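Some notes on the structure that comes next.
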Amino acid sequence: MSEPDRPTFDIAVPSTDPEKKDQDKPKANGDIKGKGKEDGGKEDDVSDMSEEDLQLKAELEMLVQRLKEPDTNLYLPALESLRTLIRTSTSSMTSVPKPLKFLRPFYEEMGKIRDSWEEGLKEQRSLLASILSVLAMTYSDTGKRETLFYRLLSESTEAPGLWGHEYVRHLAAELGEEYNSNYASELDADLGGVEKPEGLKYTTEQLKALSLELVTFFLKHNAEADAVDILLELENIQEIVELTDDKNFERVCRYMVSCVPLLVPPDDSAFLETASKIYAKYDRYPEAIALAVRLNSPSLIRQYFEAPKNPVMKKQLAYFLARAQIPLHWVHTAEGTESEEEEQPPTQEEEVLDCLGNVKLSTHFRNFGKAVGVEEPRALEDIYKSHLEPNRTTQTADSARQNLASTFVNAFVNAGFGNEKLMVNAAEGQSWIYKNKDHGMMSATASVGLSLLWDTESGIDHIDKYTYSPEEHIKAGALLATGIFHAGIRTESDLAYALLEEHVDSKSLSLKLSAINGLGIAYAGSGRKDIAEKLLPHVADETNTMEVAAMAALALGFVFVGSGDGEIASAILQTMMEREESQLASEWTVFICLGLGLIFLATQEDSEPTVATLKVIEHPIASIAETIVDVCAYAGTGNVLKVQQMLHLCAEHADKAKKETSDGDAAPVAAEGEGPAAAAVADAEGDVNMSGEATAQPVTAPTGGEAGASAAAGGDSEGEDKDKEEKDKVDSLKYQAFATIGIALIAMGEDVGAEMALRQFQHLMTYGDPVIRKSVPLALGLISASNPQLSILDTLSKYSHDSDLDVAINSIFAMGLVGAGTNNARLAQMLRGLATYYAKEPDCFFMVRIAQGLVHMGKGTIGINPYFNDGQVMSRTAVAGLLATIVSFTDARKFVLDKHHWQLYWLVTAMYPQFLITLDEELEEKPVTVRVGQAVNTIGLAGTRHGISGFQTHQSPVRIGTGERAELGTNEFFPYQSVLEGLVILKKNEQYDAEDTQN
């Protein structure tokens, strides 16, 4: 049908909408049958009520009327009837109880009635105030907090819980609001909490007394989180110690500890201290001492260590303190030692001292290796698997460099087993040492120490012959090896100090540096004054080179890590102030800053005077030192404000200079040490160099000779001045590298913060200057050490192909850190691919080999993650070793990739076996059934939940990786500590019956 032929109709459209029928109208507070309440429909409302409701409403109105009567004798019975009706009323979860609903119109009237009563009617006034407090829940305007007002006005001695759970929660919320809005700001310390600040209704004493009543109710009704929260708001958390009982203390403590990363000082320390007191109250000393170690409090550690009467429990605590590398003199006084302290700790028995000194660690570790079938030495080809490398090239890189890489790989892979064939068990005259040159010989000799890690007896025998070598580098390596195999072991004979002490003053630079570093590694965390006396003169002596002063300062940082020792800090500061500018410009100065930072590791506000002093120094190194000390002080705290501060530092940009080319065009200037491709990044306008100089292939950084030749060709002084100016700008931004690493250092203690930091790193990598881009991979390596998360591996894999070789080198090293000791197959495959990709790039190829060694560290039994005890406690010595190695990689071409590759051995302080070995009460190894699975967070969840998921059942000893947790498979034994990790002593369960469990 054509368009004009179609019929048309007129439709009338009314100007107003038709009125809705009754059933279409929305019901106001109506029930499901449509019997709604309209504004004027009071009669309807009444008629909708059931007879019971009408009777209740009439009764309540009559009771309110009685309160207006002149006869005072009627008041008390009426109020008691009201109280009974309110308390006994039942309600659904979604509606208000009926008595409260019906009394709501009389709320203001009842308040006036109470005010009109005489002061003499004390009991009646109190009871009415209690009723008004409950009514205020449904009536009062927001912000008036009348529930709290009437509760305190009533001065009632009745427990608030009698009015129901919802009332208590409402009261707690108002209590917290009141304290925060008025009291927290008004109160001065000298008021003592009893006086009433001007213009406020209550004393703090009243508020705190009420909070304790609420806490008692919460703890009895499985609301531990609410109890802790209200005491946190009232800054009164220490009171919870007396209120806990043996049924709820564990849930309270676990919740409190989980809150710590989210709190600001001093609340975080108060929470840890309070939780440790609760644990100690119920004889849970392993948990109490773990929190004391987190606080780094010598007095608390000593108190909890001396508290248990059971000698076996004392040994278990000693194993824990040995793992945490706590200074021995905090809990033990050696015989004949004179101390300035008034109260010396007692002299411990020999068995306890063996546990405290980790003396048997090597024996246990080797037995563990046998049990899991990895005691046989691994050959280099087993690690490299070069036959699997795609497109394998026949051309080999510099053989001395390859041999050096193999030295490190062999040492890391066979660490602790003492049976590898290249060095320790090499045939006479066939030692691998002589296949290296100069400084390579030093690293090769030191690798003997890593192979014999923790084995002090065999170590001395093996290394002794090298100490008499005429070759200086070999002798220096032997001194470093002596420090390495004593790492974390405290023997009575104290051989490491005896052997290294004399060489600290040696005239030979390499011997002096090795002895200083050996002492730093061997005695990390020991806090020994005799080592300070030995090393401090080398820091202060201005005739020493910056290299010696820096290594002495760093060794002191290792030994006194986290101690906040003012004497050593001021000595290092003095050196920085007195040195000339040209000396401070040395690349070694950054290690002086790190030594200073390590002294204040995780001490938070204690570092502030030092940071203030650093502001006085005008040299650019001061900003680096300030940044390092700041981030070290807040290491592992998850402090959001500090992370923001570091991000602000990273956001600063230098004015990008452009140097004029001969034809007058402006060309971008690449930062120092960058390849030509990095010039595109350095270009302020974002122009990409399309001349073909930067290709997808790896770009070789210019060597010193090439750089010198090109400078000579450029010739004129004006060009050199501009180059110098550009270099100064790069140097002035160097602190950004440490700010980037600092974000990881601060955030690594807390899961949410760590995840957020990963997102920030992506932004920094995209928009940051070259100095930041170089540091981001190192930060990723630190935040996830020995924890190969897939997302991080993929990110690092991408960065490892970066056109800027410095970024690529650091990314490859970070891949080694992330996979350290995990034998991760995916990561091993990535590294094999990189070995082919960088086959003609000696620096990158060397780093790929090192990373392969790290991934297979200890044949998959040794990790470098600084967190232990179920991820709750941070090992300060481990952080020191990781940080020192990472800082050297901020300028890898001057340190590890040059002659100072021995700096990789700083990782030794972070290396520790990832095992669970169960012992009986005689400290003999005892195989038992254990379940190992992924750790599950059960804090704050109802009921008793499994702490692990996807578990497998094994016989101990077993490997416990990062993020894993173990549980005993049966009730045949009770562990002396609840966290099954490291060395755990078991007690036989006398009631256990194997037949019962089978039936």
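Counting the residues of segment 942-962 that are open to solvent by less than 60 Å² (accessible area, probe 1.4 Å) and in a loop (DSSP other than H, G, I, E, B) gives 7.
Considering segment 895-912, the residues that are under 29 Å from Ala288 (Cβ atoms) and open to solvent by less than 10 Å² (accessible area, probe 1.4 Å) include one that is nearest to the chain's Cα centre (by Cα), namely Ala910. Checked against (1) over 26 Å from Ala892 (Cα atoms); (2) open to solvent by less than 10 Å² (accessible area, probe 1.4 Å); (3) touching a residue at least 40 places away in the same chain (Cβ under 8 Å); (4) out of contact with any Phe, Trp or Tyr (no Cβ under 6 Å at 6 or more places or on another chain), Thr613 meets all criteria but (2).
The numbered conditions (1) closer than 21 Å to Gly636 by Cα; (2) touching a Ser or Thr at 6+ places or on another chain (Cβ under 9 Å); (3) open to solvent by 20 Å² or more (accessible area, probe 1.4 Å) are all true for Arg284 except (1). Scanning segment 918-941 for residues that are closer than 26 Å to Glu224 by Cα and assigned to a loop (DSSP other than H, G, I, E, B) gives Val936, Asn937, Thr938, Ile939, Gly940, Leu941.
May I ask you to verify whether Ile433 is in contact with a helix residue (DSSP H, G or I) (Cβ under 6 Å, 6 or more places away or on another chain) and either in a helix (DSSP H, G or I) or not β-branched (Val, Ile, Thr) (or both)? So Ile433 fits the description; yes. Of all residues in segment 810-821, one or more are modelled with pLDDT under 95 and more than 23 Å from Phe895 (Cβ to Cβ). Assessment of segment 418-432 against the conditions (among the acidic types (Asp, Glu), open to solvent by 70 Å² or more (accessible area, probe 1.4 Å) and modelled with pLDDT of 80 or more) yields no matching residue. Of everything in segment 253-281 that is in contact (Cβ under 8 Å) with a residue 40 or more places away in the chain and more than 16 Å from the chain's Cα centre (by Cα), the residue that is surrounded by the fewest Cβ atoms within 10 Å (Cβ to Cβ) is Lys281. Candidates Glu626, Glu605, Glu587: the one that is open to solvent by 30 Å² or more (accessible area, probe 1.4 Å) and farther than 23 Å from Ile886 by Cα is Glu605.
Pairs meeting the criteria (first residue in segment 867-892 and within 20 Å of Ala290 (Cα to Cα) and part of a helix (DSSP H, G or I), second residue open to solvent by less than 10 Å² (accessible area, probe 1.4 Å) and of a type in the set (Phe, Trp, Tyr), beta carbons under 7 Å, at least 6 apart or on different chains) are Ala880/Phe558. If only residues of segment 450-480 that are under 18 Å from Thr491 (Cβ atoms) and among the polar types (S, T, N, Q) are counted, the one that is least open to solvent (accessible area, probe 1.4 Å) is Thr456.
Among the listed residues Ala935, Ala878, Ala966, Ala892, identify the single one that is open to solvent by 30 Å² or more (accessible area, probe 1.4 Å) and under 23 Å from Pro788 (Cβ atoms). Full working, then the answer.
On the way: Ala878 fails: open to solvent by 30 Å² or more (accessible area, probe 1.4 Å); Ala966 fails: open to solvent by 30 Å² or more (accessible area, probe 1.4 Å); Ala892 fails: open to solvent by 30 Å² or more (accessible area, probe 1.4 Å).
Exactly one residue qualifies, and that residue is Ala935.
Suppose the filter is more than 21 Å from Ser784 (Cα to Cα) and open to solvent by less than 30 Å² (accessible area, probe 1.4 Å); does Leu919 pass it?
Working: more than 21 Å from Ser784 (Cα to Cα): yes; open to solvent by less than 30 Å² (accessible area, probe 1.4 Å): yes.
The answer is yes for Leu919.
Mind checking which pairs have a first residue in segment 360-381 that is basic (Lys, Arg) and a second that is open to solvent by 50 Å² or more (accessible area, probe 1.4 Å), Cβ under 7 Å, 6 or more apart or different chains? Pairs found: Lys360/Asp354; Arg366/Glu375.
Conditions (1) over 28 Å from the mean Cα position of the chain (by Cα); (2) not polar (S, T, N, Q), marked per residue:
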site: Ile572; (1), (2): no, yes
site: Met576; (1), (2): yes, yes
site: Ser586; (1), (2): yes, no
site: Leu594; (1), (2): no, yes
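Conditions tested, residue by residue: (1) surrounded by 24 or more Cβ atoms within 10 Å (Cβ to Cβ); (2) within 20 Å of the chain's Cα centre (by Cα); (3) free of Cβ contacts under 8 Å to residues at least 12 places away in the same chain; (4) assigned to a helix (DSSP H, G or I).
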site: Ile746; (1), (2), (3), (4): yes, yes, no, yes
site: Gly753; (1), (2), (3), (4): no, yes, no, yes
site: Leu758; (1), (2), (3), (4): no, yes, no, yes
site: Met765; (1), (2), (3), (4): no, no, no, yes
site: Lys774; (1), (2), (3), (4): yes, no, no, yes
site: Ala785; (1), (2), (3), (4): yes, yes, no, no
site: Ile792; (1), (2), (3), (4): no, yes, no, yes
site: Ser803; (1), (2), (3), (4): no, no, no, no
site: Ile812; (1), (2), (3), (4): yes, no, no, yes
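Out of the residues in segment 542-584 that are under 26 Å from Gln325 (Cβ atoms) and of a type in the set (D, E, K, R), which is least open to solvent (accessible area, probe 1.4 Å)? Checking each candidate, the answer is Asp565. Look through Gly871, Gly860 and report the one residue that is open to solvent by less than 10 Å² (accessible area, probe 1.4 Å) and at positive phi. Within the list Gly871, Gly860, the selection yields Gly860.
Touching a residue at least 24 places away in the same chain (Cβ under 8 Å), of a type in the set (D, E, K, R) and within 23 Å of Tyr523 (Cα to Cα): does that describe Arg849? Outline the logic, then answer.
Values: touching a residue at least 24 places away in the same chain (Cβ under 8 Å): yes; of a type in the set (D, E, K, R): yes; within 23 Å of Tyr523 (Cα to Cα): no.
No; evaluated as a whole, the condition is false for this residue.
Selection over segment 814-828 of residues that are open to solvent by less than 10 Å² (accessible area, probe 1.4 Å) and under 17 Å from Lys385 (Cα atoms) gives a count of 2.
Among the residues of segment 473-509, the one identified as more than 19 Å from His900 (Cα to Cα), small (Gly, Ala, Ser), part of a helix (DSSP H, G or I) and touching a Ser or Thr at 6+ places or on another chain (Cβ under 7 Å) is Ala496.
Please go through segment 345-389 and give me each residue that is of a type in the set (Ser, Thr, Tyr), part of a helix (DSSP H, G or I) and surrounded by fewer than 19 Cβ atoms within 10 Å (Cβ to Cβ), ordered by number.
Selection gives Thr363, Ser386.
The values are calculated or read from the model by the stated rules, or taken from the named source; none is laboratory data. Small disclaimer: the values here were computed from a predicted structure and weren't measured. Ideal geometry is used to build each Cβ from the backbone, glycine not excepted, and the neighbour counts take in all protein chains shown. To get the accessible areas, we keep the full protein, side chains included, count just its heavy atoms, and leave off ligands, DNA and RNA. Shrake-Rupley method; radii C 1.70, N 1.55, O 1.52, S 1.80 Å.
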